[in-house]
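Throughout, read-outs are computed from the coordinates displayed, never taken from laboratory work. Nothing here was measured: the structure is a model prediction, and the numbers come from that model. Cβ coordinates were reconstructed from backbone atoms using ideal geometry, including for glycine residues, and neighbour counts include every protein chain displayed.
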Amino acid sequence: MDCDPNIHQSPPRQGEEVLDQGKMGLVVILVGAPGSGKSTFCNDVMVAARRPWVRVCQDTIGNGKQGTKLQCQMSATAALKDGKSVFIDRCNIDQEQRVDFVKLSETGADVHAVVLDLPAKLCISRSVKRSGHEGKLQGGRAAVVVNRMLQKKELPKLCEGFSRITFCQNESDVKDAVKTYSALGPSDTLPAGVFGEKSKESKVQLGIMKFLKKVEKPDKDDSGKDIIPDEHVTHDIIPRPASVGNTCTMELENKNEDDVSMNDNSSSQRSFIGDNHGVPTLAFPSISTADFQFDIEKASDIIVDSVSDFLKRFNNVRLVLVDLSVKSKILSLVREKSTKKHIDSSKFFTFVGDITQLYTRGKLKCNVIANAANWRLRPGGGGVNAAIFKAAGKSLENATKECAETLSPGNSVVVPLPSNSPLHLREGVTHVIHVLGPNMNPQRPNCLNNDYIEGCKVLCNAYSSLFANFASIFKDQIRNESKRNSSGISDSHNLFEGTTSTYSHDSDQKIKQEGHYNSEKNKKYKGFPYSHASKDKVSIPHEDHGYVQSEAPSDVLASNKISSNSMSRAIVDCKIGNNKRSAEVRKRTWGAWAQALHDIALNPEKHKDVVMEMSDAFVVLNDMYPKAKKHILVVSRLQGFDCLADVQQEHLSLLKKMHSAGAKWADRFLREDSSLIFRLGYHSVPSMRQLHLHVISQDFDSTHLKNKKHWNSFNTSFFRDSTDVLEEIEKHGVVTVNDDEKLLTKELRCHKCCSAHPNIPRLKSHITNCKAPLPTHLHDGKLVYAPSNCASGTSSNLS
DNA sequence: GTTCTAGAAC
DNA sequence: GTTCTAGAAC
């Protein structure tokens with residue numbers, strides 16, 4: 001094997017002992033796109049290695065040419081038998097590609113993953129530039145391949161069978177990993193676990209941890225040396241087999257598998273139920289995995305991660321995942337994963353039974369139960385939603401109406417359960433939290449069409465929001481208890497130290513909430529100041545709302561992290577008497593530079609030089625810094641009407657007028673240049689005051705389009721199509737805005753073919769030549785173009 | 001929103 | 001050395 005030219009082996013060093021067969025074998029599976037530096041990593045380790053390594057490279061294993069996966073497996077097995085450690089140098093980008101190599105652990109070898117998760121633009125730029133690549137992937141073709149590959153990237157997890165995973169997100173991480181592996185002596189081993197996994201919003205997380213007055217245990221000490229994970233603190237450590245009687249799977253199952261009664265709990269299980277000794281307990285069903293058909297494997301990961309993060313922050317609470325049958329796959333998956341993650345089983349466990357009869361039939365006291373609600377927050381529909389509304393009686397329906405009319409996916413709303421509700425009287429449930437998760441069922445509204453990137457984000461949002469609301473309920477309870485009891489409760493009893501949102505625990509009392517931002521939070525959201533219907537509303541003291549919606553920002557949730565923002569930054573939508581949102585809450589303040597449109601709209605006669613059209617409702621003008629060949633603004637003249645969050649049902653006719661005016665101007669431009677295609681829409685969070693509709697040609701051919709923010713503000717969901725806005729107002733009376741600031745810093749992708757590009761100049765050079773049509777989702781009435789222009793494949797809808 | 005500029009990336 | 005980004009200032 002040593003003579004095999006396809007196997008790249010580091011030379012044995014003087015005095016180096018050869019390992020016994022299979023005794024200390026180590027397989028390191030590299031994971032990364034072309035250009036991520038896998039081969040360089042292997043070579044760098046092997047040059048300085050203190051143990052014999054073999055690099056198995058699929059690009060060259062077939063007599064110097066590309067070979068097969070099987071050849072790689074066979075070579076790796078042979079090398080291990082020969083006492084060598086092995087690098088599997090291929091992309092291994094998803095679980096399916098890795099599974100056969102993970103099986104090498106059957107030889108007795110330890111299997112590690114080293115993930116070179118470097119920025120897409122870096123991989124692309126390296127791949128495009130390189131020459132003499134073993135796999136012949138270089139030049140223009142490389143960008144396409146890297147793009148395609150990154151779209152199916154699936155990061156490795158311990159549960160795949162790895163004993164150690166090292167994530168490298170920048171060059172410095174890679175250097176550290178090279179150092180770690182090259183320093184490995186013949187009989188050395190590395191600690192098991194996950195290392196270097198940083199949330200993409202590490203800056204945010206830092207702020208969060210500070211905000212919560214907790215310090216996250218770092219992966220490395222000051223010297224940069226790996227710290228061996230402490231199983232009681234670190235969560236991503238190698239799973240141990242759960243020992244009998246010491247497992248977090250304390251499920252209260254029935255002996256009869258299909259019987260949902262809960263009277264037959266074994267004595268060993270019983271200690272976890274009964275009186276909750278005042279420990280706030282939330283029972284919740286699995287969100288979206290039933291009728292909404294969300295993949296249970298992914299859902300179970302999200303549940304376990306969300307729970308784990310929540311329990312890291314709060315001690316004196318219990319969370320219980322409930323399902324009807326002992327055969328429930330989601331329960332068994334969650335049990336298995338929470339055991340692997342060593343989640344404290346007294347704080348989180350699964351429970352088989354009816355969520356509406358947890359105490360009377362299961363002796364499990366839960367103060368709060370979550371409902372997998374529908375967006376209308378109405379009874380019916382079967383499943384948990386129907387059961388909870390039925391069990392709670394009309395009072396839950398009425399209480400819900402008092403609090404909220406609709407719910408958007410990824411959000412939750414707390415409804416205090418009136419004391420006359422049977423669910424309150426019989427089961428001791430004081431609050432129901434309605435949660436709406438993502439829908440993957442094409443038969444149901446808002447189906448995500450198998451988009452699990454978005455789906456996972458929304459499901460994370462849903463759980464984070466749920467747990468945040470649960471936390472908020474009990475923070476206030478403690479505060480109120482302290483007030484009532486003159487002896488007081490010491491601060492150390494306050495579960496929610498560091499969080500800011502507060503609730504009344506009195507279920508018949510209207511919810512009150514107040515929030516405070518520390519300076520760091522204000523700084524973080526500096527770029528996204530919101531008016532009353534937006535996320536910053538928590539900073540506004542409220543005295544008389546009807547309900548609280550809590551939402552975790554997706555930037556945090558993208559990494560399955562529960563957000564402390566969601567603990568403190570509850571969204572407050574107001575409903576006062578006449579069902580209208582309150583406009584009394586403090587409005588966003590605008591900088592001097594943001595007033596230009598406002599001044600023009602209110603005094604158009606003073607700006608005749610720039611105003612192209614004027615009516616009582618709006619003015620039309622060229623964007624001063626057009627981001628395309630044609631880019632105009634239709635600006636509302638209604639005073640105090642600054643952004644989409646201000647929009648209510650009564651503004652529908654105004655927005656229709658603005659749309660018609662914009663479409664008319666687009667048609668006028670098309671008569672001058674029939675090659676143009678226009679899109680009409682609003683920025684979710686505008687920079688300029690006074691609501692304005694952008695009418696922009698899709699060439700984006702402008703010197704004023706200079707940075708990522710410019711591009712992404714027109715080419716991500718930050719841009720809300722006017723037709724969608726009108727439809728939402730008609731249906732719901734309000735407009736949802738995607739105000740996730742991450743949208744504006746996303747990687748640069750062509751709006752037609754979706755390819756990624758490393759910087760603005762490269763993107764602009766690409767889009768001038770890209771011949772792909774605009775994506776099909778825009779063809780649903782969102783584009784305006786000349787009938788003669790077949791480029792978009794449909795006809796104009798607005799002429 | 002833009003401009004300016006330090007410093008990172010190339 | 002030049003190009004490009006991102007944050008501060010306005």
Inset, instruction - Order the peptides A:78-89, A:732-743, A:331-342, A:60-71 from the highest to the lowest mean number of other Cβ atoms within 10 Å of their residues. - result: A:78-89, A:331-342, A:732-743, A:60-71
Legend entry - By average C-beta atoms within 10 angstrom, highest first, the peptides A:653-664, A:680-691, A:600-611: A:680-691, A:653-664, A:600-611
Inset, instruction - Quickly rank A:775-785, A:422-432 as a protection proxy: mean count of other C-beta atoms within 10 Å, highest first. - result: A:422-432, A:775-785
Inset, instruction - Set the Förster distance to 51 Å, then compute FRET efficiency between A:Ser615 and A:Asn316 from the Cβ-Cβ distance, nearest 0.05. - result: 0.25
Inset, instruction - Describe numerically, in nm with one decimal, the distance between label points set 7 Å from Cα along Cα→Cβ at A:Glu605 and at A:Ile453. - result: 5.2 nm
Legend entry - Residue order, fewest to most surrounding Cβ atoms within 10 angstrom, among A:Cys754, A:Cys159, A:Cys72: A:Cys754, A:Cys159, A:Cys72
Inset, instruction - Starting from the Cα gyration tensor of segment A:307-437, multiply each eigenvalue by 5, take the square root, and state the resulting semi-axes largest first in whole Å. - result: 25, 16, 15
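For segment A:680-799, what is the relative contact order in percent, using Cα pairs closer than 8 Å and at least 6 residues apart in sequence?
Once normalised by length, the contact order is 22 percent.
Give A:Lys179/A:Lys298; A:Lys327/A:Lys365; A:Lys38/A:Lys752 a once-over and call out the pairs whose C-alpha atoms are over 29 Å from each other.
A:Lys179/A:Lys298; A:Lys38/A:Lys752
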Legend entry - Cβ-derived FRET efficiency at R0 30 Å, A:Arg130 paired with A:Gln71, nearest 0.05: 0.80
Inset, instruction - Work out the FRET efficiency for A:Val279 and A:Lys179 from their Cβ-Cβ distance, taking R0 = 56 Å, and round it to the nearest 0.05. - result: 0.75
Inset, instruction - Rounding to the nearest 20 debye, state how big the charge dipole of segment A:592-785 is about its Cα centre with +1 on each Lys and Arg Cβ and -1 on each Asp and Glu Cβ. - result: 760 debye
Inset, instruction - For segment A:592-785, just list the percent of Cα-Cα distances falling in each 5 Å bin from zero outward, please. - result: 1, 8, 16, 21, 22, 17, 10, 5, 1, 0
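How would you classify segment A:724-781 from its alpha-carbon gyration tensor, with a ≥ b ≥ c the square roots of the eigenvalues: rounded for a/c under 1.5, else prolate if a/b is greater than b/c, otherwise oblate?
Judged from the Cα gyration tensor, segment A:724-781 comes out oblate (a/c at least 1.5, b/c at or above a/b).
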